[in-house]
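The block underneath contains the structure these notes are about, expressed in structure tokens.
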Amino acid sequence: EMVALKRERGVEIFIFHDDNFFVPSAKRNLERIHALADALEEREIGDFAVVVKARPNDVQPEVFSVLKERLHALRTYVGIETDSDQGLVTLSRRLDSRQNHAAIDTLRELEMFGCFNLLIYDPDTTVASLRTNVDFMEHAADFPFNFCRTELYAGTPLLQRMIAEKRVKGDYFFYDYALRDAKVERIFRMSIDAFWPRNFGGGALHNEMGGWRLQLETCRHFHPEAFRPAWRQEMLDLHRRVGLDTAAGLREILAHVDRCAPSTDADFVRELSPRLRVVEQDVRRRWLDLHDRMVKAVRADARTIGWDVTPLQHAVPEVSFVG
């Protein structure tokens, strides 16, 4: 199928949206990666790349070095979700913090692009566990990430537990809940207000930066003769600029809640938000400059490839939503 897509439609990047791309065995993962790469080489697929998903414990040096060299992985979404011991238990992650840090260290050592989402707010979040996750943001600031609250989904043990504790509002369209710790609930509400444009709004920077990095990695792989190593360093600097600013903003909110009354929260958010927007505007400007230089060097915009080679894109009518 991959070879057919390459020859018939010109597809060069294959996204494995599969939570089971990796299994709990390094040996079996290596065998599978080599088998797929061998089969593609035998069929003379030519140049290609992949995007995959992984749990932190899947990110092992031997496996990922082969993933990089033989399947040309451009991006790995790593399901870190939380780095706090409390969060790891609440979310039944069956992982520990050491595995999260090892995954980041491996990707960094191999110079691979990984991204992740942190569920820093869950039903049992404490101020201490929140601080732990902010520490992790700083540790991994050279990778694009986002943060949000854990949502409750039908059929999950967490939802059943919350129903039993009578902490759930709404229905399967949207289950809502308050955080156990009133102080953490304040922090959550303030951070969502202040960070909404960065995390969730149209053109949310935290989300867009993953796409920007994918463009850079696409250029790096498919246009090695035009690629400049300094571009990657510029991109890492942009990740750090946003990641460290996000962590700093959350620390300001934590400090405010520690020392100020709830009646001052809205004013504090109004003061913090413009400072966050200034950073976002600066990072976006710097990216556009970097992107312009990349496009001029390769004489093709990496953003257009998916649209141009996928006929289904043109089969979907444009729809406008009003009100």
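Below are the figures for this structure:
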| quantity | calculated |
| --- | --- |
| Residue identified as touching a Pro at 6+ places or on another chain (Cβ under 9 Å) and free of Cβ contacts under 8 Å to residues at least 40 places away in the same chain among G170, G203, G210 | G203 |
| Hits in the range 176-190 - residues which are free of Cβ contacts under 8 Å to residues at least 40 places away in the same chain and either touching a Lys or Arg at 6+ places or on another chain (Cβ under 7 Å) or in a loop (DSSP other than H, G, I, E, B) (or both) | D176, A178 |
| Residue list for the range 4-51, filter: of a type in the set (G, A, S), part of a helix (DSSP H, G or I) and touching a residue at least 24 places away in the same chain (Cβ under 8 Å) | A26, A37 |
| Residue in the range 122-140 that is farthest from H239 (Cα to Cα), counting only those that are small (G, A, S) and buried (at least 17 other Cβ atoms within 10 Å of the Cβ) | S129 |
| Pair list, Cβ < 6 Å and 6+ apart or interchain, from the range 63-82 residues that are closer than 19 Å to I13 by Cα to residues that are at pLDDT 95 or above and among the aromatic types (F, W, Y) | R75/F113; V78/F116 |
| Residue among T304, T246, T310, T264 that is β-branched (V, I, T), farther than 21 Å from M137 by Cβ and modelled with pLDDT of 95 or more | T264 |
| Residue in the range 78-102 that is farthest from P24 (Cα to Cα), counting only those that are surrounded by fewer than 16 Cβ atoms within 10 Å (Cβ to Cβ) and basic (K, R) | R98 |
| Of residues in the range 103-121 being surrounded by fewer than 17 Cβ atoms within 10 Å (Cβ to Cβ) and under 17 Å from the mean Cα position of the chain (by Cα), the one farthest from L71 (Cα to Cα) | D105 |
| Condition broken by R198, with the remaining ones in (1) within 29 Å of T132 (Cβ to Cβ); (2) over 17 Å from the mean Cα position of the chain (by Cα); (3) not aliphatic (A, V, I, L, M) satisfied | (2) |
| Test: residue in the range 65-80 that is of a type in the set (V, I, T) and assigned to a helix (DSSP H, G or I) | yes |
| Test: residue in the range 184-200 that is surrounded by 14 or more Cβ atoms within 10 Å (Cβ to Cβ) and within 30 Å of A297 (Cα to Cα) | yes |
| Given (1) loosely packed, with under 15 Cβ neighbours inside 10 Å; (2) free of Cβ contacts under 8 Å to residues at least 24 places away in the same chain, index of the condition P157 fails | (2) |
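The values are calculated or read from the model by the stated rules, or taken from the named source; none is laboratory data. Values in this document were obtained by computation on a predicted structure and should not be read as measured data. As a convention, Cβ positions derive from the backbone with ideal geometry for all residues, glycine included, and neighbour counts pool all protein chains shown.
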